[in-house]
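S.K.: Shown below is the structure under consideration.
What follows is calculated from the coordinates using simple rules that are stated; it is not laboratory data. In this text the structure is predicted, and so the values were computed from the model without any measurement. Backbone-built Cβ (ideal geometry, glycine too); neighbour counts: all protein chains shown.
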Amino acid sequence: MILIIGATGVVGRETVRLLAEQGAKVAAVTRNPHADFPADTQLVDPTEVANLGGVETILLSPRAVGAAAADLLARAREAGTSRVVVLSAATVQYPAGLALFRQQFQAVEDLAKESGLGWTILRCTDFAANTLAWAGQIRATGTARGAYPQARTSTIDERDIAAVATLALTDSAHTGQTYLLTGEESLSQPEKVAALGAALGRTLAFVEATPDEIRRGMLTAGLPDEVPDRLLGSLADYAREAGPTSDTVRRLLGRPARTYATWAHDHRAAFTPAGE
């Protein structure tokens, strides 16, 4: 059985779907007993993970498990689990933003390597899904506001991360490997907004705002302090030097990484005003 921790996140949910398509036995960790997953997916409450037997491999999202990572990995080894795949961040390898966030991912990577389990590390750049934060603005005004318009990142489609995770979870040949997962295009925020406009058949505008304005807006929206801290810290560094680009997705999956334009087309409904 394959255990997905962080199953309701954009990567975890897609990984569950891909594994189910392959006929794998999957357990998805969720607090929602009515969560919508493929048929035959076993739903596991987070409080019951430690008591779950028969798990061969684990997909571990550090943000989903928090400080419980060490105990979880120790219990997994005792229960006979053989391998763990960790969703990590490209900033571990290419530092950007506040060191605190990078150190959190590094700590979980280290725990996995010291756990006695076989491990695979997936270091990911920013997710295409992060731009859903613009959806409300674009629907209402046709604009997206952001700081550091010159910042460039090779945003990755979360579906590509899930495809690589599925490969690593089902093939032990990837044990002991650390993969840098990125898109193949380095794009600025205005270029992403233009791609969204093309997908919608509308002219959209990117409006530059100061970091303080963006921070206040995010906090007013109820987001915790760490979200603007993480976002703005990274963008400030990527404005000075573009984030990394790799061909890892192409090498592992035998096809190019999905483009942001493809992601925008596939998610255009989220940016379309009601009634259109």
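S.K.: Report relative contact order for the chain in percent, whole number only (criteria: Cα-Cα under 8 Å, sequence separation at least 6). Mind dumping the intermediate values first?
M.R.: Numbers: 522 pairs, mean separation 53.4, N = 276.
Relative contact order, the chain: 19 percent.
S.K.: Another one. Quick check: the distance between the Cα centres of the stretch 115-173 and the stretch 30-80, to the nearest angstrom?
M.R.: 22 Å
S.K.: Say R0 is 41 Å: what FRET efficiency, to the nearest 0.05, do ARG31 and GLN150 get from their beta-carbon distance?
M.R.: On the way: r = 40 Å, r/R0 = 0.98.
Here the calculated transfer efficiency is 0.55.
S.K.: Right, next: Please work out the ratio of the alpha-carbon Rg of the chain to 2.2 N^0.38 Å and round it to two decimals. If you can, show how the numbers build up before the last one.
M.R.: Numbers: Rg = 19.0 Å, N = 276, 2.2 N^0.38 = 18.6 Å.
Working it through for the chain, the quotient is 1.02.
S.K.: So what is the calculated 222 nm ellipticity per residue for the chain, using -39500 (n - 2.57) for each DSSP H run with n of 4 or more, over all residues, to the nearest 500 deg cm²/dmol? Mind showing how you got there, number by number?
M.R.: On the way: 11 runs with 112 residues, N = 276.
Mean residue ellipticity at 222 nm (helix-derived): -12000 deg cm²/dmol.
S.K.: What FRET efficiency do you get for ARG202 and ALA79 if R0 is 41 Å and r is their Cβ-Cβ distance, rounded to the nearest 0.05? Write out the running numbers ahead of the final one.
M.R.: Details: r = 52 Å, r/R0 = 1.28.
Once rounded, the FRET efficiency stands at 0.20.
S.K.: Roughly how many nanometres apart are two label points built 7 Å out from the Cα toward the Cβ at ASP71 and ARG17?
M.R.: So the two model labels end up 3.4 nm from each other.
S.K.: Another one. Based on the Cα coordinates of the stretch 76-131, what is the per residue volume of their convex hull in Å³? Let's see the in-between values first.
M.R.: Numbers: hull volume 5.1 nm³, N = 56.
Once divided by residue count, the hull of the stretch 76-131 is 91 Å³.
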